[in-house]
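K.L.:
Let me begin by handing over the structure; questions about it come next.
The values are calculated or read from the model by the stated rules, or taken from the named source; none is laboratory data. Computed from a prediction, not measured in an experiment: that's the story for all the values here. Positions of Cβ are backbone-derived with ideal geometry, glycine not excepted, and every protein chain shown enters the neighbour counts. Note: areas computed on protein heavy atoms with side chains; ligands, DNA, RNA excluded. Shrake-Rupley method; radii C 1.70, N 1.55, O 1.52, S 1.80 Å.
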Amino acid sequence: MATFCRHRSLLGLQKLVCSVSPFYPMRSYSSSPFGRIGFIGLGNMGARMADNLIKDGYEVAVHDINHNIMKMFSDKGVLTEDSPLKVAETSDVVITMLPSSNHVLDVYTGKNGFLSGGNLLRPRLFIDSSTIDPQTSRKVSAAVSNCSLIDKRDGWKAPAMLDAPVSGGVLAAENGTLTFMVGGPEDAYLAAKPLFLSMGKNTIYCGGSGNGATAKICNNLAMAISMLGVSEAFALGQSLGIEASTLTKIFNSSSARCWSSDTYNPVPGVMDGVPSSRNYIGGFASKLMAKDLNLAAASAKDIGFKCPLTSQAEKIFTELCNNGHEAKDFSGVFRYYYSGKDEQ
């Protein structure tokens with residue numbers, strides 16, 4: 001599934017956080033080995049994920065550089081801290097949801113970061129749900145594993161880290177239906193599963209450290225190339241005189257059938273309820289697709305792997321952004337790159 005709708009207005013977040021109140025029905029998680037959960041990054045995804053943890057009865061401490069969002073949480077009785085380090089000092093688990101690899105590195109290893117207080121840590125588990133490159137995930141995981149625990153209880157001998165990016169976007173984050181792709185120690189994954197299921201409905205264990213991040217960029221790479229292929233075929237078909245709706249019927253009953261044709265069709269007028277039906281507003285922004293393709297291309301370059309389709313897809317979506325369409329859904333490549341026509 002694609003990752004949709006990472007960005008909504010501050011008003012949307014305000015409505016969300018207004019639901020965070022001391023009057024939540026609290027449930028006891030006696031089976032959970034964790035007490036307080038720290039959450040760093042209260043953007044459109046993170047705020048909703050933290051909200052679902054609170055709704056499920058977890059005690060949560062939060063931090064974000066956006067003071068307005070912090071105040072919204074604080075006004076409703078949620079503990080806020082002024083640095084990642086202070087969150088870590090009071091939490092058993094810390095979850096991060098941040099925009100980029102550099103942000104993750106800064107929160108973990110920068111000034112007032114998780115590891116800036118020395119080699120002894122309180123959190124037994126760190127979970128990063130940001131979409132970043134696997135190399136950075138592995139680097140941070142190694143730094144965490146070189147630390148020791150202040151309190152070695154419940155069988156935990158050392159702190160662990162999971163990379164757990166998500167699929168589903170803002171709507172799934174709000175509804176608690178995200179899918180988590182998880183890399184890291186399997187015992188840590190099993191211990192964290194109740195947390196994932198408070199924020200989502202599916203968890204997939206991907207193997208060792210960095211494999212969750214790898215799964216995410218490979219998924220989005222395949223999604224981008226699929227959308228380009230379908231859009232190119234529709235636009236060519238239109239130029240040769242066949243309607244996109246007719247091609248859609250053919251694709252969806254033939255070997256070309258795929259998510260981009262039968263679920264997320266890029267041609268306006270062919271399918272209701274998708275971004276192409278609303279002028280490519282909402283959905284998964286082209287600038288985010290360009291970012292994820294850049295991560296895939298950089299990761300391939302680091303290991304000397306040839307990815308010609310990745311490189312071409314990155315160029316196309318970067319061009320789309322440079323031409324002023326960065327906020328449009330990535331399926332807008334049909335109109336804004338291939339000059340495809342709306343279906344009447």
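K.L.:
Consider Leu105 carefully, then state whether it is without any contact (Cβ under 8 Å) to a residue 40 or more places away in the chain, within 28 Å of Lys139 (Cβ to Cβ) and of a type outside the set (Asp, Glu).
P.N.:
Yes: the conditions hold for Leu105.
K.L.:
Within the stretch 173-197, how many residues are in contact (Cβ under 8 Å) with a residue 40 or more places away in the chain and hydrophobic (A, V, I, L, M, F, W, C)?
P.N.:
7
K.L.:
Here is a follow-up. For the stretch 172-203, which positions are part of a strand (DSSP E or B), of a type in the set (Val, Ile, Thr) and more than 27 Å from Glu314 (Cα to Cα)?
P.N.:
Listed by number, the list holds a single entry, Thr203.
K.L.:
A further question on this structure: Looking for whichever is closer than 25 Å to Asn323 by Cβ and of a type outside the set (Ser, Thr, Tyr) here; the options are Gly273, Gly269, Gly241. Which one fits?
P.N.:
Gly269
K.L.:
Scan the stretch 297-312 residue by residue and report those that are closer than 22 Å to Asn322 by Cα and out of contact with any Cys (no Cβ under 7 Å at 6 or more places or on another chain).
P.N.:
Ala298, Pro308, Leu309, Thr310, Ser311, Gln312
K.L.:
Those residues that are part of a helix (DSSP H, G or I) and over 21 Å from Phe34 (Cα atoms), I need them from the stretch 97-126; list them, please.
P.N.:
Ser101, Asn102, His103, Val104, Leu105, Asp106, Val107, Thr109, listed by residue number.
K.L.:
Can you pull out the residues in the stretch 239-253 that are part of a helix (DSSP H, G or I), open to solvent by 40 Å² or more (accessible area, probe 1.4 Å) and not aliphatic (A, V, I, L, M)?
P.N.:
Within the stretch 239-253, Ser239, Thr246, Lys249 meet the criteria.
K.L.:
Continuing with the same structure: So which residues in the stretch 87-102 are in contact (Cβ under 8 Å) with a residue 24 or more places away in the chain and farther than 21 Å from Ala192 by Cβ, if there are any at all?
P.N.:
Matches in the stretch 87-102: Pro99, Ser100, Ser101.
K.L.:
If you go through the stretch 254-299 one residue at a time, how many are in a helix (DSSP H, G or I) and of a type outside the set (D, E, K, R)?
P.N.:
17
K.L.:
Continuing with this model, one more query. May I ask you to verify whether Phe234 is modelled with pLDDT of 95 or more, among the aromatic types (Phe, Trp, Tyr) and either assigned to a helix (DSSP H, G or I) or open to solvent by less than 30 Å² (accessible area, probe 1.4 Å) (or both)?
P.N.:
yes
K.L.:
Across the stretch 221-279, what is the number of residues that are under 19 Å from Phe330 (Cβ atoms) and touching a Leu at 6+ places or on another chain (Cβ under 8 Å)?
P.N.:
So the count comes out to 5.
K.L.:
Let me ask you something else. Checking Ala222 against (1) under 20 Å from the mean Cα position of the chain (by Cα); (2) in contact (Cβ under 8 Å) with a residue 12 or more places away in the chain; (3) closer than 30 Å to Ser339 by Cβ: exactly one of these is not met. Which one?
P.N.:
For Ala222, the exception is condition (2).
K.L.:
Let me ask something else. Checking the conditions here, which among Pro268, Pro275, Pro308 is surrounded by 15 or more Cβ atoms within 10 Å (Cβ to Cβ) and farther than 24 Å from Val166 by Cα?
P.N.:
Result: Pro268 is the single residue among Pro268, Pro275, Pro308 that is surrounded by 15 or more Cβ atoms within 10 Å (Cβ to Cβ) and farther than 24 Å from Val166 by Cα.
K.L.:
Moving to a separate point now. With the requirement that a residue be part of a helix (DSSP H, G or I), touching a residue at least 24 places away in the same chain (Cβ under 8 Å) and of a type outside the set (Phe, Trp, Tyr), what does the stretch 313-344 give you?
P.N.:
Selection gives Ala313, Glu314, Ile316, Thr318, Leu320, Cys321, His325, Ser331, Gly332, Val333, Arg335.
K.L.:
Scan the stretch 132-149 for residues that are among the hydroxyl-bearing types (Ser, Thr, Tyr) and either in a loop (DSSP other than H, G, I, E, B) or open to solvent by 40 Å² or more (accessible area, probe 1.4 Å) (or both) and report the count.
P.N.:
Matching residues across the stretch 132-149 total 2.
K.L.:
Please work out which one of (1) touching a Leu at 6+ places or on another chain (Cβ under 7 Å); (2) open to solvent by 10 Å² or more (accessible area, probe 1.4 Å) is the condition Cys206 fails and give its number.
P.N.:
(1) is the only condition that Cys206 fails.
K.L.:
Can you find even one residue in the stretch 212-228 that is polar (S, T, N, Q), open to solvent by 10 Å² or more (accessible area, probe 1.4 Å), modelled with pLDDT of 95 or more and within 27 Å of Arg124 (Cα to Cα)?
P.N.:
yes
K.L.:
Checking Asp262 against (1) over 13 Å from Met227 (Cβ atoms); (2) open to solvent by 10 Å² or more (accessible area, probe 1.4 Å), only one condition comes out false. Which one?
P.N.:
(1)
Listed here are the residues, each with its yes/no results for (1) open to solvent by less than 50 Å² (accessible area, probe 1.4 Å); (2) within 19 Å of the chain's Cα centre (by Cα).
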{"site": "Tyr108", "(1), (2)": "yes, yes"}
{"site": "Asn112", "(1), (2)": "no, no"}
{"site": "Gly117", "(1), (2)": "no, no"}
{"site": "Ile127", "(1), (2)": "yes, yes"}
{"site": "Ser130", "(1), (2)": "yes, yes"}
{"site": "Asp151", "(1), (2)": "no, no"}
{"site": "Ala160", "(1), (2)": "yes, no"}
